[in-house]
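The values are calculated or read from the model by the stated rules, or taken from the named source; none is laboratory data. What you see is a predicted model, and the numbers here were worked out from it, not measured in a lab. Note that each Cβ is placed from the backbone with ideal geometry, even for glycine, and that neighbours are counted across all protein chains shown. Side chains included, ligands, DNA and RNA excluded: accessible areas come from the protein's heavy atoms. Shrake-Rupley method; radii C 1.70, N 1.55, O 1.52, S 1.80 Å.
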Amino acid sequence: AHVCLFLDELGLGEGDVLEWANCQVRRHDDAFEMRLRGFADAQIRTGVFVLRLLRAVAPECTREELILPGDTEEERAQNARYAISCAHKAGCTVFATWEDVIEGRPRMILCLLAALMAEDLRRHEEESQAAPAA
């Protein structure tokens, strides 16, 4: 309900969240070729996309060297745990768990990405308010 209310207030839908996430990751790291096709995309289960998105939104909360390839079950679990921890550190309201990430639960992935989007919007709003008027 929290996510739906947030999206409704902005006049956005699930597709907008997906497009925003893909654009943020690509803008931050154009060499990173992963692009989500939907919230049920199997690629999300590695945790790499979420961590790359976190790097784009809150670079101070993630360390590049701690992002694992996600080739094994253990690497995926570590990435997912790290992603949830970093999202909390960034100030996001997170309802998803690391298990939601590795199991690829679409509704919870939407919640997580929307939380990152909300944090990104909050940060940009603070930046624009802090900038002196010309």
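Quick look at the values:
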{"item": "Arg45 vs. criteria farther than 14 Å from Leu112 by Cβ and at pLDDT 95 or above", "result": "no"}
{"item": "Sole residue being in contact (Cβ under 8 Å) with a residue 40 or more places away in the chain, open to solvent by 20 Å² or more (accessible area, probe 1.4 Å) and acidic (Asp, Glu), chosen from Glu103, Glu74, Glu64, Glu119", "result": "Glu103"}
{"item": "Which numbered condition Ala40 fails, given (1) under 24 Å from Ala118 (Cβ atoms); (2) out of contact with any Pro (no Cβ under 6 Å at 6 or more places or on another chain); (3) open to solvent by 40 Å² or more (accessible area, probe 1.4 Å)", "result": "(2)"}
{"item": "Failed criterion for Arg37 (all others in (1) within 18 Å of Ile84 (Cβ to Cβ); (2) out of contact with any His (no Cβ under 8 Å at 6 or more places or on another chain); (3) basic (Lys, Arg); (4) free of Cβ contacts under 8 Å to residues at least 40 places away in the same chain hold)", "result": "(1)"}
{"item": "Which numbered condition His2 misses (of (1) modelled with pLDDT under 95; (2) open to solvent by less than 40 Å² (accessible area, probe 1.4 Å))", "result": "(2)"}
